[in-house]
Amino acid sequence: MTFSMASFRLDGKVALVTGGAHGIGFELATALHEAGAKIAFNSSSERSREKGLANFEAAGIEAFGYACDVSDEVAVAKMIQKINEELGNIDILINNAGIIKRIPMLEMSAQDFRQVVDVDLTGPFIVAKAVLPGMIAKGQGKIINICSMMSELGRETVAGYAAAKGGLKMLTKNICAEFGGANIQCNGIGPGYIATPQTAPLRKTQADGSRHPFDAFIRDRTPADRWGETDDLKGPAVFLASNASDFVNGHVLYVDGGILSTLGKQPE
Ligand code: NAP
Ligand code: GCO
């Protein structure tokens, strides 16, 4: 491929963002749209699908919404078939749908653990498996798995999430290994701590008006000295969805303000 700035464009591509009705998924979908892609998004319920359609409409973006649980293999196969019929075979998949349960490990039931792994790890496997045949037929494809700091690090209370996101990093490498020869690139984005509703409980002002101790903990560990914004993730997503990254495969691009590069601030 001869490089030009057009290599970053996504014109004519069909992109599916799971969990794209709001939050990080919605923001990533708007970036893919701006780069030229047609947008399909998924949500876990009909109600959220409708809210998502309203969010896209308010942003002036035509998007196609599909409600289904990403951990339900039969429902996902039907959804992908519908998207292929309505929009054309998917070129770009962002596996963004995810849940977190913050529960100390000794209090966490196996059922809670399994549910997190089901949505955050088995879900991306199921959706990737459903889109891959279409990508193979097209002779190209991009899969982006939304990983986490917890793909590399542990933390108290997030056993299920860390196990799932660590597994997602390895699923990323495995898809690269198995389908790289079919011109399919599978990479991850590992967001650092991003200011979203998912992390709102960790940033909540305390009853006495002081900052949440977790907020201070994160800022102290982040060389950029701030929480990330969803906008910080958009450029990396467009890059990994575009032909500009055709020889980048099996990587996780950490967008973390530098967290993974340091032990944290040394004591005064
Ligand atoms: P969020 O606001 O809670 O959004 C999660 C999305 O996942 C929602 O759209 C939700 O669908 C969808 N979802 C959950 N379970 C689903 C299921 N079974 N089937 C289909 N969709 C399902 O979270 P977020 O902060 O935007 O996070 C998005 C992704 O980024 C997650 O994978 C998360 O782990 C990851 N991440 C977040 C941060 C952060 O700091 N916020 C950092 C690193 C990684 P509904 O529309 O139905 O609600
Ligand atoms: C937590 C946070 C994290 C972030 C993110 C970090 O409880 O430690 O919620 O899990 O959401 O995934 O990259």
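A short reminder: the numbers here are calculations on the coordinates, not readings from a lab. These figures come from a predicted structure and were not determined experimentally. Cβ atoms come from the backbone with ideal geometry, glycine included; neighbour counts cover every protein chain shown.
With everything on Cα atoms, drop me the angle between helix 123-138 and the longest principal axis of the chain, reported from 0 to 90° to the nearest 10. Long axis of 123-138 versus the principal axis of the chain: about 30 degrees. Pairwise alpha-carbon distances in segment 221-268 exceed 17 Å for 48% of all pairs.
Applying both filters, DSSP loop and at most 12 other Cβ atoms within 10 Å, to the chymotrypsin sites (Phe, Trp or Tyr not before Pro) of segment 1-63 gives 3. Taking only the Cα atoms of segment 1-78, the ratio Rg/Rh comes out at 1.04, with Rh defined as the Kirkwood radius. Shown here for segment 124-204: trypsin sites (Lys or Arg not before Pro) in loop regions (DSSP other than H, G, I, E, B) with at most 16 other Cβ atoms within 10 Å, namely 155, 203, 204.
On the beta carbon distance between residue 202 and residue 115, with R0 = 25 Å, the FRET formula returns roughly 0.75. Summarising the overall dimensions of the chain from its C-alpha atoms, the Rg and Dmax are 18.4, 61 angstrom. Find, among the chymotrypsin sites (Phe, Trp or Tyr not before Pro) in segment 96-173, those assigned to loop by DSSP (not H, G, I, E, B) with at most 16 other beta-carbon atoms within 10 angstrom. When the chymotrypsin sites (Phe, Trp or Tyr not before Pro) of segment 96-173 are filtered for loop state and at most 16 Cβ neighbours within 10 Å, nothing remains. Rounded to the nearest 20, the Cβ-based charge dipole of the chain about its Cα centre (Lys and Arg +1, Asp and Glu -1) stands at 220 debye. Each distinct pair of alpha carbons in segment 96-197 adds a 1/r term; the inverse of their mean, the Kirkwood radius, is 14.3 Å.
For each of 5, 170, count neighbouring Cβ atoms within 10 Å of the residue's Cβ, then give the residues from fewest to most.
Details: 5 7, 170 12.
Ranked by crowding around the Cβ, least crowded first: 5, 170.
Computed on the Cα trace of segment 135-268, the radius of gyration divided by the Kirkwood hydrodynamic radius gives Rg/Rh = 1.05.
Between residue 50 and residue 4, the distance separating the two model label sites (each 7 Å from Cα on the Cα→Cβ line) works out to 4.6 nm. Round to a whole angstrom and tell me the spacing of the C-alpha centers of segment 101-177 and segment 17-58. The distance from the Cα centre of segment 101-177 to that of segment 17-58 comes to 20 Å. A Cβ-based charge dipole, computed about the Cα centre of segment 1-94 with Lys and Arg at +1 and Asp and Glu at -1, lands at about 80 debye. The calculated 222 nm mean residue ellipticity attributable to helices in the chain amounts to -12000 deg cm²/dmol, summing -39500 (n - 2.57) over DSSP H runs of n ≥ 4 and dividing by all residues.
Treating each Cα of segment 171-220 as one equal point scatterer and applying the Debye formula with no solvent, the log10 of I(q)/I(0) at q = 0.15 Å⁻¹ comes out as -0.57.
Compute, for segment 49-171, the length of the dipole vector about the Cα centre, with Cβ point charges of +1 (Lys, Arg) and -1 (Asp, Glu) only. Units Debye, rounded to 20.
With Lys and Arg at +1 and Asp and Glu at -1, about 260 debye.
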